[in-house]
Amino acid sequence: MNESTAKEIVISGMGVVTPIGSSIGAFWDANLRGRSGLRLEDRMDLSALPCGWVAGLVPEDAKQAVRDRWQVPGRSWGDCLMLDAVEQALDDAGLSEPLTGPAGLIWARVWPGPTGSDPKDYENHMKSLGARYSQVGNSPAAVAEYLADKDLPLETVDLSTFPSDIAARLGTSLIATRLEATCAGGLRAIAEGARLLRMGKVECVVVSASVSRNTPYVLSQYGQLMALSRWREPAEQASMPFDKRRSGMVINESAGALVLETADHARRRGVEQVHAVVQGWGLAVGTGHMTAPNVDAVEHVMRTAIRRAGIDVDEVDTVNSHGTSTRLNDLTESRAMHKVFGSRMPDLPVSAVKSLTGHGSAASGIIETAVSALTLCNGVIPPVVTCTEPDPACAVRTSLTPVEQPVDTVLKNSFGFGGQYAAMVFGRPDNPRLTPRPIQAAA
């Protein structure tokens, strides 16, 4: 039995906090208008770095609104972002009453310290361990007594109240899993949530991810890899997937959340319209190279997702690409698409959300899944306004303006460092939830 004949999984709620919008409506509007959230990183001195001068940043007024709603002592900024996205998704799904059965929670986020990732966090952690060892050694009883009256700072522990916060919001117990699959983490989280649903463990799953890692330390790490954009012209153009001038990715801060349910559970709750159907997925872990993607692995997960969806390659209407704007990733992804779709490539529309938002690691997979769902429901494929000089070596079909056409199936790709590969097929529901269109969608 293929996955298309198994228990149907639907996306009933979505929420986002991104550089181009902190609600689904604003985010979709920005996608269709080609409005960028990239700007010069002016919060720190980056003059010594060889790249990475541009970032995708949530506007300050939107960040303050998130702080006002969610910031409390001991809660990390990444958790605040996720809580805001999750609350949007739960409201969108109409989940205002406590659930009657257990639910799932799959989430991904970076190191929980105040900065997102900074060597000072690790330095404080090691100093704390050293001081404790010097004072009490390794005796379990002595360590317990030493810690009994101490509040450990957030950066020294990987603790979070996020799961208990979500359990309280849903009014039920959770099967909760935090996972790490680098930039493929968002799609892997969705796949894990769908797996829980198909196994009958739960009937509703919250999937979420966040990232906030714009620090000199993180930027210098990526800078050493020469993975970040070296674009020195207008910042809005710095992320240009599949353009021959592309010079690297732009990292961002963002969060996304989805509510997944069985279709039966959604109907029993009285939900008549949903965003998308999760039809199939492909996952793989490669061992060839720590950072360089492998074309065969990319091809494999795409073909696996299509096969498990129970559809033919010709039934894929559009690809929502990983599209990082790095020289190697875009070329590898496009070559794999050519292997999968062959002669269809000149006519197959490809979108690339990171051209406007930048790259949000695991959060990107969830945020770009929201775009895939909006594409299905509205019959509009967002433009890639920064791809003004398409790379003939990639030879993918992007557009500078929104493409209106019927869309029944979207293939979504996500890949990550450490040999992480994921692809997922989403289908148009029988009764899709429409999102208001902008009055004038312009490139």
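Any lysines with Cα under 19 Å of the Lys201 Cα? List them, leaving off those in the same chain fewer than 8 positions away.
Lys201 reaches Lys7.
For Val403, enumerate residues with amide H under 5 Å from its amide H, sequence gap 5+ or separate chain, H modeled in the peptide plane.
Amide H neighbours of Val403, under 5 Å, 5+ apart: Ile381.
Order the peptides 43-52, 196-205, 382-391, 137-146 from the highest to the lowest mean number of other Cβ atoms within 10 Å of their residues.
382-391, 196-205, 43-52, 137-146
To the nearest 20 debye, what is the magnitude of the charge dipole of the chain about its Cα centre, counting +1 on the Cβ of each Lys and Arg and -1 on the Cβ of each Asp and Glu?
That gives the chain a dipole magnitude of about 520 debye.
Rank these for me by crowding, Glu333, Glu180, going from fewest to most other beta carbons within 10 Å.
Glu180, Glu333
Of (1) 142; (2) 153; (3) 316, which is the value of volume of the Cα convex hull per residue in Å³ derived from the coordinates here?
(2)
Please list, or write none, the lysines whose alpha carbon is within less than 21 Å of the alpha carbon of Lys339, excluding same-chain residues fewer than 8 places away.
Lys244, Lys412
Can you list, largest first and rounded to whole Å, the semi-axes you get for region 314-443 by taking the square root of 5 times each eigenvalue of its Cα gyration tensor? List each step's numbers first, then the result.
Numbers: eigenvalues 93, 54, 49 Å².
They are 22, 16, 16 Å, listed from largest to smallest.
For n ≥ 4 DSSP H runs only, could you compute -39500 (n - 2.57) per run for the chain, divide by its residues and tell me the 222 nm figure to the nearest 500?
On the way: 13 runs with 153 residues, N = 443.
Value at 222 nm, helices only: -10500 deg cm²/dmol.
Which of the peptides 428-435, 89-96, 14-21, 278-285 is most tightly packed, and how do the rest follow, going by the mean number of other Cβ atoms within 10 Å of each residue?
Output ranking for 428-435, 89-96, 14-21, 278-285: 14-21, 278-285, 89-96, 428-435.
Can you tell me which of Leu81, Leu400, Leu32 moves the most in a GNM of the chain? Springs connect C-alpha atoms under 10 Å apart.
Leu400
Under 18 Å Cα to Cα from Lys150, which lysines show up? Leave out anything in the same chain fewer than 8 places away.
List returned: Lys127.
Bin width 10 Å, origin at 0, all Cα-Cα pairs of region 235-338: what percent of pairs per bin?
12, 31, 34, 17, 6, 0
So what's the gap between the Cα centers of region 34-101 and region 177-202, to the nearest angstrom?
The two parts, judged by their Cα centres, are 22 Å apart.
Enumerate the calculated ³J(HN,Hα) couplings along region 192-197 in order (Karplus 6.51 cos²θ - 1.76 cosθ + 1.60, θ = phi - 60°), each rounded to whole Hz, writing x wherever the residue is Gly or Pro.
Values per residue, Gly and Pro as x: 5, x, 5, 5, 4, 5 Hz.
Tell me, what HN-Hα J-couplings in whole Hz come from the Karplus equation 6.51 cos²θ - 1.76 cosθ + 1.60 at θ = phi - 60° for each residue of region 393-409, using x for Gly and Pro?
5, 8, 6, 10, 8, 10, 9, 8, 9, x, 9, 9, 6, x, 10, 9, 9
Once amide H atoms are placed 1.01 Å from N in the peptide plane, what residues at a sequence separation of 5 or more from Ala176, or on another chain, have their amide H within under 5 Å of its amide H?
For Ala176, the qualifying residues are Leu105.
Arrange the following residues from fewest to most other Cβ atoms within 10 Å of their Cβ: Arg246, Arg269.
Arg269, Arg246
In what order do Glu60, Glu236 fall by count of nearby beta-carbon atoms within 10 Å, going from fewest to most?
Glu60, Glu236
Starting at the first residue of region 414-429, write each ³J(HN,Hα) from the Karplus equation 6.51 cos²θ - 1.76 cosθ + 1.60 with θ = phi - 60°, in whole Hz, x for Gly and Pro.
Karplus values, whole Hz, x for Gly and Pro: 8, 9, x, 4, x, x, 9, 9, 8, 9, 8, 10, 10, x, 6, x.
No lab work stands behind these numbers, since they all come straight from the coordinates. Everything quoted here is computed from the prediction, not taken from an experiment. Neighbour counts run over all protein chains shown; Cβ positions are idealised from the backbone, glycine included.
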